[in-house]
Each structure stands twice: as C-alpha cells, then as structure tokens.
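In what follows, a single structure is set out as structure tokens and then discussed.
Just so it is clear, none of the values below were taken in a lab; they were calculated from the coordinates. Keep in mind that what you see is a predicted model, and the values were worked out from it rather than measured. As a convention, Cβ positions derive from the backbone with ideal geometry for all residues, glycine included, and neighbour counts pool all protein chains shown.
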Amino acid sequence: MAYLIVCPLKNIGSVAEAYRAREMISIMSPGQDFDRPDAIYQGRHLKVDINDINFDTQGLVAAEEKHVLDIIEFSRNWDQDNPLLIHCWFGISRSPAAALIAALANEPDQDDFELANRLREASLSATPNRRIIEIGDNLLGRNCKLSQAVNAIGRGKEASEGNPFMLNIV
C-alpha cells in the first residue's frame with residue numbers, strides 16, 4: 001500500500017531513514033536552507049519555495065499554480081515502492097496540504113471527505129494551507145470538494161510543531 005509521510009523539517013533525517021523514504025518534497029520559505037538527508041535520492045527531491053500564507057502579502061511568496069503543478073507532477077512520478085516524504089518547517093500547514101494533493105493526484109477516484117478525515121485521524125494538529133488546497137482543488141478538477149472537505153475537518157489543535165504522521169493515499 002502506498003503512503004505519504006508528513007513531518008516538520010527537524011525530523012526529515014530520522015523519518016527518511018526509519019520509513020526508508022527515497023523521495024521528498026520540501027515546502028519551505030524562500031532562502032531557507034537545510035541538508036537533504038542521505039537516504040533521499042538527489043534527483044528525487046523537489047523543493048518548493050513558498051511562504052506559509054493564504055493571501056498575497058508584500059515581501060512574501062504565496063503559492064501559485066506553478067508551485068502546485070510541480071507538487072502534482074512530482075508526486076505522480078513517485079516510485080510507490082517506498083513512501084514519499086513531504087515536509088515543511090513545522091509540518092502543520094503546507095506539507096499536509098501537499099499530502100492531500102499528492103494523494104488525489106495518484107488516486108483521483110477517492111472521496112475528498114474520506115481523505116480529509118484520514119488526514120485528521122492521522123494528525124490532530126494538521127491545518128492544511130487554504131491557498132494550496134484551493135489551487136490543487138482547481139488543478140485536479142475536484143469541483144470545490146477538496147476545499148469543502150478541508151473546511152469540514154476544521155482547524156487542527158493548536159501546536160507549535162506537528163508530529164510526523166503517515167497518510168495512506170487510498
């Protein structure tokens with residue numbers, strides 16, 4: 001069964017090794033540097049440089065269609081023999097949003113509400129970035145179902161940082 005691992009930046013090395021992840025999506029603010037874990041193949045690492053914001057804000061980079069298209073394309077080309085690791089700074093907003101999009105990009109016939117509920121069961125603190133979700137909803141032709149599903153699970157529990165979690169793509 002194919003699955004995604006979502007975590008904050010500080011856990012990427014230990015999580016990649018523990019779960020044998022070989023591919024990774026990093027969603028970080030522009031200019032934030034970090035070392036790619038040795039377990040992650042160099043050619044199978046996507047870095048998306050966006051800030052964790054929902055609206056255009058001067059001096060910051062909001063998610064745009066091209067960023068979400070990169071997430072969709074990368075996840076569709078992931079070798080599902082090993083989990084795909086997705087992370088952001090805290091593992092609460094950008095990476096859970098990307099995980100939902102990656103799951104739907106790979107298994108489009110699943111129910112958006114069931115997927116969002118699986119996310120909530122896996123992480124009580126996940127609060128997917130609304131802008132990433134809305135763009136992904138549109139690009140994947142979900143007809144607002146993904147946005148509605150994320151609205152239905154509501155904001156996650158307050159946390160300064162998320163815990164690593166697994167999300168089955170179906």
Tell me, what HN-Hα J-couplings in whole Hz come from the Karplus equation 6.51 cos²θ - 1.76 cosθ + 1.60 at θ = phi - 60° for each residue of the range 134-143, using x for Gly and Pro? 4, 5, x, 4, 5, 5, 8, x, 7, 6
Give me D for the chain in µm² s⁻¹, whole number, from Stokes-Einstein with Rh from the Kirkwood sum over alpha-carbon pairs, 20 °C and 1.002 mPa s. 138 µm²/s
Dipole of the chain, positive end: most advanced residue of LEU46, ILE101, LEU9 [Cβ charges, Cα centre]: LEU9
To the nearest 20 debye, what is the magnitude of the charge dipole of the chain about its Cα centre, counting +1 on the Cβ of each Lys and Arg and -1 on the Cβ of each Asp and Glu? 240 debye
Just to check I understand the Karplus step: with θ = phi - 60° and J = 6.51 cos²θ - 1.76 cosθ + 1.60, what whole-Hz values come out for the range 74-84, glycine and proline as x? 4, 5, 5, 9, 6, 6, 6, 5, 10, x, 8
Using DSSP, restrict attention to beta bridges with both residues in the range 3-168 and report what percent are antiparallel, rounded to the nearest 5. 20 percent
Excluding residues on the same chain fewer than 8 positions from LYS10, give the lysines whose Cα lies under 29 Å from its Cα. LYS47, LYS66, LYS157
So how long is each side of the range 1-84 along the principal axes, counting just the alpha-carbon atoms, biggest first, in Å? 40, 25, 20
For the chain, what does the helix formula give at 222 nm: sum of -39500 (n - 2.57) over DSSP H segments with n ≥ 4, over the residue count, nearest 500 deg cm²/dmol? -11000 deg cm²/dmol
Which whole-Hz ³J(HN,Hα) couplings does the range 42-47 yield from phi under the Karplus relation 6.51 cos²θ - 1.76 cosθ + 1.60, θ = phi - 60°, glycine and proline marked x? 4, x, 10, 10, 9, 10
Using modelled backbone amide H atoms (1.01 Å from N, in-plane), which distant-in-sequence or interchain residues come within less than 5 Å of GLU107's amide H? none
Post the alpha-carbon centroid distance, the range 1-55 to the range 60-134, in whole angstrom. 12 Å
Under-5 Å amide H pairs with ILE86, H placed in peptide plane, nonlocal only: ILE5, VAL6, CYS7, ILE25
Can you give me the long-range amide H partners of LYS47? Hydrogens built in the peptide plane at 1.01 Å from N, cutoff under 5 Å, separation of 5 or more residues or another chain. SER26
